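Notes follow once the structure below has been shown.
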Amino acid sequence: MSAGEDAGFLRLTLVEVRPETHDVKTFVFRPEGGVPAYEAGQSMTLRLTLDGETLFRTFSLASAPGRGDTIAMTIKAHAPGRATRWLHETLKVGDSIEGGSPRGRFTIASRQTERLALVSAGSGASPLMAMLRHLADTALESDIAWLHGARTPADMLFPGELAGLQRRMPNLRVAMVASRPEPGWFGFTGRLSRRLVSVALPDLGRREVFCCGPAGFMDEARLIHAAEGGRRELFHVEHFGAIAAPAPIAVAADAPAAGFAIRFGDKRFTARADETLLEAATRQAIVIPCGCASGMCGTCRVSLVEGEVAMQHNGGISLEEEAERYILACSSRPCSNVTIAL
Ligand code: FES
């Protein structure tokens, strides 16, 4: 089986596009051969071919597992983002793209308590909506606080669906926060702060938090959770590309200029000593599932079968996993010829 097949790429046919806000749409896809198993909160890497160039981009699944034969992704069109603009402007119902196997450890299945806070900003609401939809399907009585921040009321995601879920879920509390409120807005206003939390989500410190949004937002939420007495292991974050890439590692003076031979399934490629395994693989159109590309999310975890790497990451892998010779491809540079496996 090839590395690409290992990554489990599926053909996805676009069956519906739902505008959510002026720059966010939900794309509903029908995977050929059926919906792959996934957990609420996980993400999928799309393989897109734009003008002859292959791009890989990872997006959270917004749909709840076990609902029909489709999956959905709620995606914001980022002005400088070629892939998101192509999805918004060019992809049409009936077109097909490819998606990898759902991955990621930011899932509601990993929760340790039943008292939850789903905290998001902007399109970070997407994986949290998957969690909430799943809880609505499987645990209607769940104790959930939903806090969502957006620039203006018109930028809020899923307000109608949340209102409907509130009617069905007796223990769901919803707080919507506009940083730039408009006349007629009666929800919360301002940016995330301890003061805001004291009125919008006063028991944050006693909840297990799943948080997704820009890096500064997640950092602030983490600090507030800790200041309110929240335990560190009960705070989970997800964001793609929110943080800086891991610090570069010094390259050994005797590293071969031609690079090292890398073996990944039945694929062979070369990686220079100054690039990560992920960068080298992507340059040669070989797929290693990837999320943040910053050593934080753990999506690119692979097994180091043979060889040595230098790894510098941002917490996306545990000491136990490292002891079992797992590495993060986005944060590891080769120090010898290397064999890796999914
Ligand atoms: S892609 Fe997130 S840790 Fe490597």
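Observations, loosely collected:
- Taking θ as phi - 60° and the Karplus parameters 6.51, -1.76 and 1.60, the scalar couplings of region 178-185 work out to 9, 7, 10, x, 10, x, x, 7 Hz in sequence order, x denoting glycine and proline.
- Angle between the chain longest axis and helix 125-138 axis [Cα atoms, degrees, rounded to 10]: 70 degrees
- With every protein chain in place, region 291-335: carbon and sulfur % of accessible area (1.4 Å): 45 percent
- For the chain: accessible area per residue (Å², 1.4 Å): 45 Å²
- Exposure rank, largest accessible area first [Val199, Val35, Val177; 1.4 Å]: Val199, Val35, Val177
- Accessible surface of Leu147 - all protein chains present, 1.4 Å probe, nearest 10 Å²: 0 Å²
- Long-range amide H partners of Lys267 with built H, under 5 Å: Ala3
- Listed residues Glu320, Glu306, Glu98, most fluctuating in the chain (Gaussian network, C-alpha, under 10 Å): Glu320
- Sulfur and carbon atoms: percent of accessible area, region 137-190 [1.4 Å]: 54 percent
- Beta bridges per DSSP, both residues in the chain: antiparallel share near 60 percent.
- Average Cα contact separation per residue, region 48-144, under 8 Å, 6 or more apart, as relative contact order %: 33 percent
- Arg111 - accessible surface, heavy atoms, 1.4 Å probe, Å² rounded to 10: 60 Å²
- Dipole of the chain [Lys/Arg +1, Asp/Glu -1 at C-beta], most positive-end residue of Ala77, Met129, Ser193: Ser193
- Angle between the chain longest axis and helix 159-168 axis [Cα atoms, degrees, rounded to 10]: 70 degrees
- Choice from Glu220, Glu182, Glu238 with maximal GNM fluctuation in the chain (Cα, 10 Å cutoff): Glu182
- Taking Asp51, Asp274, Asp23 and ordering them by how much accessible surface each has at a 1.4 Å probe, largest first, produces Asp51, Asp274, Asp23.
- Gap separating the Cα centres of region 265-342 and region 201-217, nearest whole Å: 30 Å
The values are calculated or read from the model by the stated rules, or taken from the named source; none is laboratory data. What you see is a predicted model, and the numbers here were worked out from it, not measured in a lab. Cβ coordinates were reconstructed from backbone atoms using ideal geometry, including for glycine residues, and neighbour counts include every protein chain displayed. Just the protein is used for accessible areas: all its heavy atoms, side chains included, with ligands, DNA and RNA removed. Shrake-Rupley method; radii C 1.70, N 1.55, O 1.52, S 1.80 Å.
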